1. Which of the peptides 404-417, 168-181, 150-163 is most tightly packed, and how do the rest follow, judged by the mean count of other Cβ atoms within 10 Å per residue?
2. What does the C-alpha gyration tensor say about the overall shape of segment 180-310? Classify as rounded when a/c is under 1.5, otherwise prolate if a/b is larger than b/c, or oblate.
3. Name the long-range amide H neighbours of ARG131: under 5 Å, sequence gap of 5 or more, or other chain; modelled H, no Pro or chain starts.
4. Taking the simple approach of a point 7 Å from Cα along Cα-to-Cβ for both THR9 and ASP73, what is their distance in nm?
5. Given the pairs LYS189/LYS329; LYS101/LYS309; LYS128/LYS353; LYS128/LYS189; LYS101/LYS184, which span a C-alpha to C-alpha distance of over 25 angstrom in this model?
6. Could you put ASP225, ASP340 in order, starting from the residue whose Cβ has the fewest other Cβ atoms within 10 Å?
7. Across segment 261-266, in residue order, what do the Karplus-derived ³J(HN,Hα) couplings come to in whole Hz, using 6.51 cos²θ - 1.76 cosθ + 1.60 with θ = phi - 60° and x for Gly and Pro?
8. Any chance you could run the full-extension gain for ARG218 through LEU115? It's 0.36 nm times the residue separation minus the Cα-Cα distance, nm to one decimal.
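We did not get these values from a lab; they are worked out from the coordinates using the rules stated. Because the structure is predicted, anything quoted here is derived from the model rather than measured. Using ideal geometry, Cβ is built from the backbone for each residue, glycine included, and neighbour counts are taken over all protein chains shown.
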Amino acid sequence: MSVTVTIPTPLRNFTGGREAVVLAGETVGEVIDGLLATHGGLKRHLVQDDGRLRNFVNLYLNDTDIRHLDSTDTPVREGDVLTIVPSIAGGRPAVETELPKLSHSEVLRYSRHLLLPEVGVEGQRKLKAARVLTIGAGGLGSPLSLYLAAAGVGTIGIVDFDVVDLTNLQRQIVHGTSTLGHSKLESAKARLTDLNPNLEVESHESRLTSENALDIIREYDIVVDGTDNFPTRYLVNDACVLLDKPNVYGSIFRFEGQASVFYAREGPCYRCLYSEPPPPGLVPSCAEGGVLGVLPGIIGSIQALETIKLILGEGDSLIGRLVLFDALKLRFRELKLRKDPDCPICGENPTIKELIDYEAFCGIGAEPAYQGPEVVVEQLKQELDEKGDSLVLLDVREPHEWEIAHIEGARLVPLGQLPDRLGELDGHAEIVTYCHKGSRSMKALEILRGAGFGKVRSLAGGVDAWAGRIEPGMARY
Ligand SMILES: [Zn+2]
């Protein structure tokens with residue numbers, strides 16, 4: 001019987017560049033023996049010392065995996081096609097010869113890696129072949145992309161749609177003063193390729209959505225989640241589970257951080273840990289609650305480390321473990337994570353089989369925000385000029401925010417103290433509440449109205465809008 005054997009690209013070096021070889025034989029095993037007899041260089045890649053096929057090589061007779069037939073004893077017929085399919089590790093064939101070579105300058109650049117037996121030349125070539133996607137070029141994305149670039153990861157994709165803002169630079173160290181106002185992608189790309197010109201940066205200038213997530217993530221081996229919001233975090237988790245990709249997770253808030261590796265094939269996913277997000281507004285964001293500048297450096301570096309270990313296949317990964325870090329106490333704790341058999345996406349009977357509407361899932365837009373009459377800064381300025389002290393301007397932020405900047409003539413009652421200090425306010429006065437950007441002042445308005453105060457309004461855009469449009473000399477944060 002003559003059978004056509006198709007040769008995958010990485011192995012064509014051993015068949016003189018030929019895509020297919022026609023061979024005679026009665027069984028799959030005989031055809032393969034014939035192939036190895038005529039192209040000896042293939043032997044090392046296809047079979048083990050004992051002559052059995054390597055376990056990362058699959059053979060298909062026409063369209064059926066021979067493991068579902070009689071393996072190498074499967075008889076062949078005239079005109080059959082036998083296809084060699086090497087397993088794809090990280091989007092690339094797991095055949096050593098396919099790993100990219102290192103140039104002399106790369107050998108020098110990575111010499112401190114090459115001296116480590118756990119990395120060595122082969123590990124460095126794996127890093128060069130790797131394709132890593134980082135979601136976000138912010139607090140976590142900065143250190144992790146810098147370390148991945150420096151370590152020699154060949155391709156880094158970045159998803160971001162923001163521009164570099166002055167308030168970012170306290171922690172987002174991939175950006176600089178010279179790139180203020182530039183897109184974060186452009187800024188990060190310039191810095192990362194300056195650090196390592198061998199690096200390929202792939203920019204995805206958009207918000208990650210249910211519509212584009214699968215197409216973007218599919219092209220990468222590993223995803224590193226540097227997002228700061230729940231809808232994107234669940235979206236990244238679900239897309240990674242559906243595409244069978246490891247998801248290197250990190251999160252930060254104030255002085256605390258978390259890190260893990262979610263990989264449904266080998267352990268739990270993010271939903272096994274938190275099947276549902278907290279209700280909106282319960283957990284403040286870093287923009288509202290603040291974050292210590294160096295904290296994302298620590299958590300982002302852990303994410304970079306875990307990513308590199310996954311690429312190298314070395315060490316014990318954080319799969320199935322959650323690391324908690326307390327910066328003030330300088331303490332790491334570790335929790336064991338279990339895969340939840342009832343997990344809605346990676347459990348035994350998954351109910352989520354495609355990406356959903358994550359904004360709705362996280363309750364965003366479902367509950368009406370605090371409603372109440374607002375006043376714009378221009379109107380407030382005019383009223384203050386006309387009415388003076390008869391208009392009570394109530395600042396409901398924290399004292400440390402008041403110290404940064406406040407509106408002249410205002411009085412400070414932090415939101416948390418407001419319910420207990422209502423007695424200090426005149427129930428008949430006209431009150432305008434304000435905060436940083438207009439969200440806490442709405443809550444204050446609701447508290448005051450609930451307590452019977454009739455003439456309360458909230459300053460739209462808060463002290464930030466005031467600084468932007470009325471008092472340009474005022475400090476902003
Ligand atoms: Zn799960």
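1. 150-163, 168-181, 404-417
2. Note, shape of segment 180-310 comes out rounded.
3. HN-HN under 5 Å from ARG131: ASP221, ILE222.
4. 3.7 nm
5. Cα-Cα > 25 Å for LYS189/LYS329; LYS128/LYS353; LYS101/LYS184; rest within.
6. Least to most surrounded, the residues fall as ASP340, ASP225.
7. Result, ordered by residue: 10, 9, 8, 4, 5, 10 Hz.
8. Using 0.36 nm per residue and subtracting the Cα-Cα distance, I get 33.8 nm.
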